[in-house]
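Right, one structure below, let's go through it.
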Amino acid sequence: MEKKQLLVVGAGASGLPSIRHALLYPNVEVTCFEKSNDIGGLWNYKPNQTDLSTVMKSTVINSSKEMTAFSDFPPEDTMANFMHNTEMCRYLKNYAKNFELMKYIKLNHSVISIDRNDDYETTGKWKVRFTDGEGKEHVKVFDGVMLCSGHHAIPYHPNPWPGQEKFKGRIVHSHDYKDQKGYEDKVVVVVGLGNSGGDCAVELSRVAKQVYLVTRRGSWVFNRLFDRGEPVDLAFNSKIPNVPIPNHPYPTRQLEHGETSQLRFDHERYGLKPKHHPMKFVSFEKIKIFSSENLSSSAHITINDELPNRIACGTVRVKPGIKSFGEGNSIEFEDGSVVEGVDEVLLATGFSFHFNLIEGGQLVTVNENKTDAYKYMFPLATSDHNSLAVIGLIQPIGSIMPISEMQARVYLETFAGGRALPSRDEMKDDVVLKRETMRARYVDSRRHTIQVDFVNYMHELGDMIGCNPDMKTLWMQKPFLAWKVYFGPCVPYIFRLNGPNSWDGAESAIWDVDYRAVRPTNNKIARIGESKKTK
């Protein structure tokens, strides 16, 4: 039987698992085009200015290694729980080496356009124009396309402030920020309190004369570590807190999250407290214990271990939104305060995404980071065949990598495994429902258009292909493992216990989570005995 030709665009954290899982289907021949000269995508640090996505030189992952790993490739025991970007890139390269993915990746191959082929109506095929490593242009037809190019490559610049044209200093986006060199003894204004803004402010506060951190709404700031030094995502991302309980506020842990963050430091005292809660309460009709104020919209949290200390030391000072730029490189803020002699303005204002590769952006449209895509991966515009998918176009509360892998599994099960997707009308209903839920839960912002909760979304995708843990069988046959799966962290390995392309090493990987999480900081810890693993 002739194999289906599949193109994966991008060899980063979403593209690599897409290639790996495509290889599990004997009826698929996969090719990957990578624009740069190396794999790793965002996590492959690029010291020179580039249009490609890249981390800062000092970036450390915000999710722990066990919650970030791919489902059949646990991280090394000695890898740090929160890996530096160089270690993260090494993990991705080890993954590619282990599964021999490089033979399917064509480096320095840039996609120019993706168009419906002449026979698309009956076949769902795509015509792809691209350039090779020598700059020569080619055209090839593929049965399916997986776009894995990420959404951190197009910097979003807000509309200019009044008087901005008078500013004689430098204004750059965080996309172009590499390290603190050149910022020594400067007065720096960082605009935006997302993860990038917090990281930039903290790093620059060590060398700059003064750093001002601008935030209009404030943000809840969380540590990477929870009580007793446990990674926070290992502590909270389990199946049990995400199970709705009738007649009970859901999820109750959200109140604890807010109190935990406040116990660490008083956000109001530090000028960071927003009007919204860390995550929105959902009150069932019979429970009326929360006021309408408590039910206000939430926003994406900020992960930063050092920001409160830098504010306490005065090297970072919090300011409200910018009102205008003035003479003498001054900036006036919305509270009427003025800072004179500003040298640098760093815009940590997020990113935009589009699908201009696909028929010039006319087929799959985007408006203020909103697009119609079923499960954030199947564009409704191509739902007649669903032969094209976008992988990794999500902003999770948690790690993106296992989600990208799960999206790839869903696509491949439909593309090559014969699994059917809902009708277009059902897909559209799901898109509308998700958008309404997003609007009710989050502050209205272009940042909150592709938000997902890690545990819930992973199970939502897993349910589509039948790979969620079979808890009934586990409780009956392996109760200790069932306890670990249900009450322990929702690590990616649990989605390989059963279902399509299950993995024999999943049980062992689950049992060794605690060992691998402690081993980087304690080389005396021992693994759990084999006798317990079999129960």
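Enumerate the residues in segment 20-52 having an amide nitrogen under 18 Å from the point lying 7 Å beyond the Cα of ASN501 toward its Cβ.
Hits in segment 20-52 for ASN501 at 18 Å: 20-33.
Can you tally the net charge around ARG516? Count Lys and Arg as +1, Asp and Glu as -1, for every other residue whose Cβ sits under 11 Å from the Cβ of ARG516.
Neighbour charge sum, excluding ARG516 itself: -2.
So which DSSP H runs in the chain come out at 15 Å plus along the axis (Cα) with average Kyte-Doolittle of at least -1.0?
Passing helices, by number: 401-415, 454-465.
Grab the other residues whose beta carbon is less than 11 angstrom from that of ASN98, score K and R as +1, D and E as -1, and report the net.
+1
Using the heavy atoms of the protein chains alone and a 1.4 angstrom probe, what is the accessible area of the chain per residue in square angstrom?
45 Å²
Could the peptides 127-139, 486-498, 309-321 be put in order, highest first, of the mean number of other beta-carbon atoms found within 10 Å of their residues?
In decreasing order of mean packing, 127-139, 486-498, 309-321 become 486-498, 309-321, 127-139.
Can you tell me the alpha carbon radius of gyration of the chain divided by the globular rule-of-thumb value 2.2 N^0.38 Å?
0.99
Within segment 369-387, find all residues whose amide N lies under 18 Å from a label point positioned 7 Å from the Cα of ARG435 along Cα-to-beta-carbon.
From segment 369-387, the list is 369-384.
Within straight cross-link reach of LYS3, meaning Cα distance under 16 Å, which aspartates and glutamates are found once same-chain residues fewer than 8 apart are removed?
Qualifying aspartates and glutamates at Cα under 16 Å: GLU29, ASP143, GLU413.
For the peptides 327-339, 74-86, 350-362, what is the packing order when you average, over each peptide's residues, the other Cβ atoms within 10 Å and list the highest mean first?
Highest-to-lowest ranking by the protection proxy: 74-86, 350-362, 327-339.
How about LYS273: which aspartates and glutamates have a C-alpha closer than 14 Å to its C-alpha, ignoring those fewer than 8 places off in the same chain?
GLU259
Cross-link candidates for LYS136: which aspartates and glutamates have Cα within less than 20 Å, leaving aside residues fewer than 8 places away along the same chain?
Filter leaves GLU34, ASP38, ASP115.
Before rounding to the nearest 500, sum -39500 (n - 2.57) across all DSSP H runs of length at least 4 in the chain and divide by the residue total; then give [θ] at 222 nm in deg cm²/dmol.
-7500 deg cm²/dmol
At a 10 angstrom cut-off on C-beta neighbours, averaged per residue, how do the peptides 380-386, 443-449 rank from highest to lowest?
Taking the mean over residues of other Cβ atoms within 10 Å, the ranking is 380-386, 443-449.
The values are calculated or read from the model by the stated rules, or taken from the named source; none is laboratory data. Values in this document were obtained by computation on a predicted structure and should not be read as measured data. Cβ atoms come from the backbone with ideal geometry, glycine included; neighbour counts cover every protein chain shown. To get the accessible areas, we keep the full protein, side chains included, count just its heavy atoms, and leave off ligands, DNA and RNA. Shrake-Rupley method; radii C 1.70, N 1.55, O 1.52, S 1.80 Å.
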